[in-house]
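We did not get these values from a lab; they are worked out from the coordinates using the rules stated. Because the structure is a prediction, the values reported are computed rather than measured.
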Amino acid sequence: MNLRKSHLLLAVASIVLAGVFLMYTQPDFMVQMANQVWACF
């Protein structure tokens, strides 16, 4: 059971990291996110 939980955690972390990498390959998206964060201040 512990091994299964470890594999699930690794899979989730890999998917999150892949998603972040894909977001960084789209500069327009990153500029939009930065503008939204900046608008909060």
Per the C-alpha gyration tensor (a ≥ b ≥ c, the square roots of its eigenvalues), the chain is rounded if a/c is under 1.5, else prolate if a/b beats b/c, else oblate; here it's oblate
In degrees, nearest ten, helix 2-24 long axis to first principal axis of the chain (Cα): 20 degrees
As I understand it, the value is the acute angle between the Cα axis of helix 27-39 and the longest principal axis of the Cα atoms of the chain; what does it come to in degrees, rounded to 10? 70 degrees
